[in-house]
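Bear in mind these aren't lab numbers, they're just calculated from the coordinates by the rules spelled out. The structure presented is a predicted model; accordingly, all values stated were derived computationally and were not measured. Methodologically, a virtual Cβ is constructed for each residue, glycine included, from the backbone with ideal geometry; neighbour enumeration extends over all protein chains shown.
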Amino acid sequence: MTSTPGFLDGNAAAGDLQALFGTDMTTAWGRCRGCGEQMMLARTHAYLDGPGTVLRCPGCEGVLLRLVRSPTETWLDASGLDHLRMPIPG
């Protein structure tokens, strides 16, 4: 039996992140607050099976970002990112 990972790459979260930030966030760079690894958000591990989206560091699996949307609100927690460098919407 072959085991498959429980995650997709960060590109799977592109639509929700673009709706929030107004630009392609898969090309944004961030640094993990836990291990210091720098990566484009496209390289993160995306978990979409819960009530929202969770992006985890590909190095240490620390939670980088959580995004939950309801019909009336969007909740964002990016406390796992030391910083986020994103493109300016064109």
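A simple spin-label model places the labels of Asp82 and Gln38 0.9 nm from each other, with each point 7 Å out along Cα-to-Cβ. Stretching the chain fully between Leu20 and Arg69 yields a gain of 16.7 nm (0.36 nm per residue, less the alpha carbon separation).
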